[in-house]
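Asks: Before we start, here is the structure in question, set down as structure tokens.
The values are calculated or read from the model by the stated rules, or taken from the named source; none is laboratory data. Computed from a predicted structure; not experimentally measured. Please note: Cβ atoms are built from the backbone with ideal geometry, for glycine as well, and neighbour counts cover all protein chains shown.
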Amino acid sequence: MTRYKLLTVGQLIDGTGAPPQKNAAILIAGDRIQAVLPHPPADLDESVETHAFPNGTLLPGLIDAHVHLTVDPGAYNTPEFIWARNDDQLVDLGRRQALQFLNAGVTTVRDLGARHGVSLRVRDDLAAGRVTGARVLAAGPAITTVQGHGHFMGVEVANHAELAAAVDQLIATGVDVIKLIGTGGGVTAGSDPLQPQFSAEALTLAVERAHRAGRRVAVHAHSAAGVRNCLDAGVDTIEHCTFATSQGVAPDEHLIARLAEQAVYVIPTLAPWYVLRDSDDAFLGFPQFGLSPRRMSDQVLANLDQMRRAGVKLTIGTDAGTWKLTPARFYDELEGFRQAGFSALETIAAATSVAAQALGIESEAGTIAAGQRADLVIVPGDPTQDFSVLARPALVLQAGQIHPPDY
């Protein structure tokens, strides 16, 4: 028997960037939105469960497009943490962090790197209802080069044949997306974020195989050279995209124009820089970039502003799991977008409809409309007037189910 719920709110923001709708009502049938109404129906059946938030704002469930659920944000040294845990311990951590995301109003996350198949186990436990938490799209282990960035929780390949085999094997195991490490990174000894790890030719090979199997491709790329390889290969999302060169970090107008023209989604992962900008740890600014964490934070915000002005498709991804980036810090990524010049409605769209498009789930999530899955968040106030209310969800629904269940 289908169960119905009616939510009435003082304001509705549908996630598309459109102006808020005042005094709205949402009728939910099972796990789907059945109707978006200007007011509650007059002939409401007594069996309908009702919830009224006259001062609240209803939003689509938020989406984090770049997380690492099975990495501990309390661990400064990620490789040591991974090596010291067995798979069951990592799965348990992933379940806990998925629940923390749901508590923060994030109903969907995309996990872009985990050892072995642990993120797939977390995904499947959540999908089966064995545990409660944000819905997960999982890449499984990222594909990297031998001893390349993230090798301690990735799949290492030495040539094109091994790369093709790795893509095919991950698809066979049921991953939702293919993740490749296109340049070096910051938590792997000996790795240089300025240096590409895969050529454009290698990335093209991976993209073609993944696309034939209906999988999107996300690529970690810090350097301008790495971003250029991603564009040449036709990847779907570029993670980080800092445009770093040996001369420093600055917007690359030519690459930004190509990003906009090719409609590639960029997940800038501001939170690692924004949250840690006051740290005196030079490592966090990447010594190769020659910048302190604060200067790095300022520069990635400037990059984001220029990409925004150029019309690049930008969405929210926190890199949660890296040091100090707990699920509760999701709001910091939103605040970073605001600092870079996004309006409140543009930032909400980046965390909902644009994120859903980047992940290929726009037919299911990211907006409030009839037929969409009932992943919803109510916040206590108007985020266009007080943006901080997004950090304090009053109610979360996932697939029509209220969280927490004893609300």
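Asks: So for the stretch 363-385 (the condition being without any contact (Cβ under 8 Å) to a residue 60 or more places away in the chain, within 19 Å of Gln11 (Cα to Cα) and either polar (S, T, N, Q) or touching an Asp or Glu at 6+ places or on another chain (Cβ under 9 Å) (or both)), does at least one residue qualify?
Replies: Within the stretch 363-385, one or more residues are without any contact (Cβ under 8 Å) to a residue 60 or more places away in the chain, within 19 Å of Gln11 (Cα to Cα) and either polar (S, T, N, Q) or touching an Asp or Glu at 6+ places or on another chain (Cβ under 9 Å) (or both).
Asks: Then there's this: Cβ contacts < 6 Å: first residue among the charged types (D, E, K, R), restricted to the stretch 40-55; second residue part of a strand (DSSP E or B) and at pLDDT 95 or above, any location; separation 6+ or different chain. Result?
Replies: Pairs found: Glu49/Lys5.
Asks: Of the residues Asp382, Asp406, only one is at pLDDT below 95 and more than 13 Å from Thr315 (Cβ to Cβ); which?
Replies: Of the residues listed, the single one that is at pLDDT below 95 and more than 13 Å from Thr315 (Cβ to Cβ) is Asp406.
Asks: Check every one of the strands (runs of 3 or more DSSP E) wholly within the stretch 105-178 and list those with 3 or more residues that are surrounded by fewer than 24 Cβ atoms within 10 Å (Cβ to Cβ) and in the same structural domain as Val91 (by TED's automatic domain parsing).
Replies: 155-157
Asks: Return yes or no: is Gly185 assigned to a loop (DSSP other than H, G, I, E, B) and either in the same structural domain as Leu304 (by TED's automatic domain parsing) or of a type in the set (A, V, I, L, M) (or both)?
Replies: Yes: the conditions hold for Gly185.
Asks: Give the residue, chosen from Gly94, Gly10, Gly74, that is at negative phi, at pLDDT below 95 and of a type outside the set (Ser, Thr, Tyr).
Replies: Gly74
Asks: Whether any residue in the stretch 30-50 is small (Gly, Ala, Ser) and assigned to a strand (DSSP E or B) is what I want to check.
Replies: Yes, the stretch 30-50 has at least one match.
Asks: Could you tell me which of the residues Ala104, Ala35, Ala75 is out of contact with any Lys or Arg (no Cβ under 8 Å at 6 or more places or on another chain) and farther than 27 Å from Ala344 by Cβ?
Replies: Every option except Ala75 fails the conditions.
Asks: What pairs can you find where one residue is in the stretch 388-407 and closer than 14 Å to Tyr4 by Cα and of a type in the set (Gly, Ala, Ser), the other is modelled with pLDDT under 95 and not in a helix (DSSP H, G or I), and their Cβ atoms are less than 8 Å apart, with a gap of 6+ or different chains?
Replies: Listed by first residue and then by second, the contacts come to Gly400/Arg3.
Asks: Need at least 1 residues that are surrounded by fewer than 23 Cβ atoms within 10 Å (Cβ to Cβ) per element, so show me which strands (runs of 3 or more DSSP E) inside the stretch 214-328 make the cut, counting only ones lying wholly within it.
Replies: Result: 216-223, 237-245.
Asks: Pick out the one residue from Ser297, Ser353, Ser292, Ser343 that is touching a helix residue (DSSP H, G or I) at 6+ places or on another chain (Cβ under 8 Å), among the polar types (S, T, N, Q) and closer than 29 Å to Asp386 by Cβ.
Replies: Exactly one of Ser297, Ser353, Ser292, Ser343 is touching a helix residue (DSSP H, G or I) at 6+ places or on another chain (Cβ under 8 Å), among the polar types (S, T, N, Q) and closer than 29 Å to Asp386 by Cβ, namely Ser297.
Asks: State the number of residues belonging to the stretch 351-383 that are assigned to a helix (DSSP H, G or I) and more than 18 Å from Leu397 (Cβ to Cβ).
Replies: 4
Asks: Moving to a separate point now. What number goes with the only condition from (1) modelled with pLDDT of 95 or more; (2) not in a strand (DSSP E or B) that Ile63 does not pass?
Replies: (2)
Asks: Restricting the search to the stretch 66-76, which residues are part of a loop (DSSP other than H, G, I, E, B) and either crowded, with 18+ Cβ neighbours inside 10 Å or not hydroxyl-bearing (Ser, Thr, Tyr) (or both)?
Replies: Once the filter is applied, which keeps residues that are part of a loop (DSSP other than H, G, I, E, B) and either crowded, with 18+ Cβ neighbours inside 10 Å or not hydroxyl-bearing (Ser, Thr, Tyr) (or both), the stretch 66-76 yields His68, Leu69, Thr70, Val71, Asp72, Pro73, Gly74, Ala75.
Asks: Sticking with this structure for a sec: It is to be established whether one or more residues within the stretch 77-87 are over 16 Å from the mean Cα position of the chain (by Cα), at pLDDT below 95 and assigned to a loop (DSSP other than H, G, I, E, B).
Replies: Yes, the stretch 77-87 contains a residue that is over 16 Å from the mean Cα position of the chain (by Cα), at pLDDT below 95 and assigned to a loop (DSSP other than H, G, I, E, B).
Asks: Looking at (1) crowded, with 21+ Cβ neighbours inside 10 Å; (2) at pLDDT 95 or above; (3) of a type in the set (Val, Ile, Thr), which is the one condition that is false for Val36?
Replies: (1)
Asks: Within the stretch 182-207, can you find the residues that are within 19 Å of Ala233 (Cβ to Cβ), touching a Leu at 6+ places or on another chain (Cβ under 9 Å) and surrounded by fewer than 22 Cβ atoms within 10 Å (Cβ to Cβ)?
Replies: If the condition is that a residue be within 19 Å of Ala233 (Cβ to Cβ), touching a Leu at 6+ places or on another chain (Cβ under 9 Å) and surrounded by fewer than 22 Cβ atoms within 10 Å (Cβ to Cβ), then Ala200, Leu205 are the ones that fit.
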